[in-house]
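The values are calculated or read from the model by the stated rules, or taken from the named source; none is laboratory data. Keep in mind it's a predicted model, so treat the numbers as computed, not measured. FYI the Cβ positions are ideal-geometry reconstructions off the backbone, even for glycines, and counts take in every protein chain you see. Side chains are part of the model used for accessible areas, which takes the heavy atoms of the whole protein and leaves out ligands, DNA and RNA. Shrake-Rupley method; radii C 1.70, N 1.55, O 1.52, S 1.80 Å.
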Amino acid sequence: MEDQYGRKIDYMRVSVTDRCNLRCVYCMPPEGVPSISHDQILTFDEITRVCRIGTELGISRIRLTGGEPLVRRNLPGLVGMIRKIPGIKNVSVTTNGVLLSDNINELVSNGLNGVNVSLDTLDSERYRDLTRGGEVDKALGGLEAALAFPRLNVKINCVPLDDTGSEDWIGLASLAKERDVEVRFIEMMPVGRGKKFRGRSGDEVLKVLESSFGTPEKYTGRLGSGPAAYVQFPGFRGRIGFISAVSHRFCGSCNRVRLTSEGMLKPCLQYSGGADLRELLRSGAGDVKIKEKMRETIFRKPAGHHFTEEKNMTDREIACLEEKEMWSIGG
């Protein structure tokens, strides 16, 4: 369906858990966070029902996120449940990769179409610092396990920070030189703990990569349903992407909504507004009522975020901003 600004909304990010096996500095505090009780998060049957109803509104692509989605038991089974829904064209997962090698065979056998591996550095010590104890070899093992499936769309996501730098970016970009994989640099979103960190823009990263790899060509092919802009450097098998939601706002072509693990359908990351679908699901509401609530929420999707303009917002506008952390919203 189209929202009030004529944007076609066909993509839903679904958080399946608030829990994670890492403690990345820009996402969680060192001690971790209080976990939501299991009965407060949507069951697999409830998630599948929302996805099925969503297809009647034009939702055809689902991305499963967390927290870390693979800490939720039997995630491959959920992939299979969603893939069986008529109208679903693509189901993918965003993961830190640590548990990926243990699950990849079952994920693929249940119909997984793509996987994004979050990886901010290849340096073991820096990775350990950023994730507060993580082992980069486990993440890389998961990446290689995914790349063993030629039909699986594999991408690497890096959030460039001010205290990382050119060595990290060049090393990650080099993964696309010998592999047919997309390495994307995603600007830090100023949500929750992310507000305390200075990220680097896609333009800054591109300048560094050009100094090492030469002048790239703009890639105009289709590489998924998201907003990334891609380039291809000379001699590279894969491509380098940039998702610059803050410096190059692409709200005018945004095609997504988010479903949190607690069942809140959010039309925009920055704002707290949305629809409590869990309440409807558990109060006996029929598909028609849930569908109408989803339709209303999607139609009222805001024109765009105002991350760079918060200082000029009114008190009323500020009161509508999302105060939850990214791990609870669904990264």
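Could you tell me the calculated FRET efficiency between E204 and S35, based on Cβ-Cβ distance and R0 = 25 angstrom, to the nearest 0.05? Once the sixth-power term is evaluated, E becomes 0.10.
For the chain, the longest principal axis of the Cα atoms and the long axis of helix 202-213 meet at an angle of about 30 degrees. With contacts taken as Cα pairs under 8 Å at a separation of at least 6 residues, segment 60-217 carries a relative contact order of 18 percent.
Taking 0.36 nm per residue of separation and subtracting the Cα-Cα distance, full extension of the segment from D45 to F299 would add 88.9 nm. Scaling the Cα radius of gyration of the chain by the globular reference 2.2 N^0.38 Å produces a ratio of 0.96.
How high is the FRET efficiency between R151 and R282 when r is their beta carbon distance and R₀ equals 51 Å, given to the nearest 0.05? The formula returns an efficiency of 0.85 here. Computed from point charges on the beta carbon alone (+1 for Lys and Arg, -1 for Asp and Glu), the dipole magnitude for the chain about its Cα centre is near 1000 Debye. Spin-label model, F250/Y271: points 7 Å from Cα along the beta carbon direction are separated by 2.1 nm.
Each residue of segment 68-85 was assigned a 3J(HN,Hα) from its phi angle through the Karplus expression (A = 6.51, B = -1.76, C = 1.60, θ = phi - 60°), giving 9, x, 6, 7, 7, 4, 6, 4, x, x, 5, 4, x, 4, 6, 5, 7, 6 Hz with x at Gly and Pro.
Solvent-accessible surface of the chain, taken per residue with a 1.4 Å probe and all protein chains present: 46 Å². Close Lys pairs in segment 72-208, defined as Cα atoms under 20 Å apart and 8 or more places apart or on different chains, number 4. May I ask what percent, to the nearest 5, of DSSP beta bridges between residues of the chain are antiparallel? For the chain, the DSSP antiparallel bridge percentage is about 30. With only the Cα atoms considered, segment 5-134 has a convex hull volume of 133 Å³ per residue.
For the pair R73 and D102, the difference between a 0.36 nm per residue extended length and the Cα-Cα distance amounts to 9.2 nm.
Entry note, the chain: relative contact order of 21 percent, from Cα contacts under 8 Å with a spacing of 6+ residues. Between V288, T131, L64, the Cα set farthest toward the positive side of the dipole of the chain (charges on each charged residue's Cβ, about the Cα centre) is that of V288. Considering only N103, L122, V91, and ranking their Cα positions along the charge dipole of segment 1-156 that arises from unit charges at the beta-carbon of Lys, Arg, Asp and Glu, the one farthest toward the positive end is V91. Descending by average beta-carbon neighbour count within 10 Å, the peptides 251-259, 124-132 line up as 251-259, 124-132, the highest first.
Segment 69-126 and segment 19-39 have their alpha-carbon centroids 19 Å apart. Principal-axis analysis of the Cα atoms of the chain puts helix 287-299 at an angle of about 50° to the longest axis.
3J(HN,Hα) along segment 265-272, derived from phi through the Karplus expression 6.51 cos²θ - 1.76 cosθ + 1.60 where θ = phi - 60°, amounts to 8, 10, x, 8, 4, 6, 10, 7 Hz, with x in place of Gly and Pro. Shown for the chain: the carbon plus sulfur share of the solvent-accessible area, taken with all protein chains present and a 1.4 angstrom probe, equals 47%.
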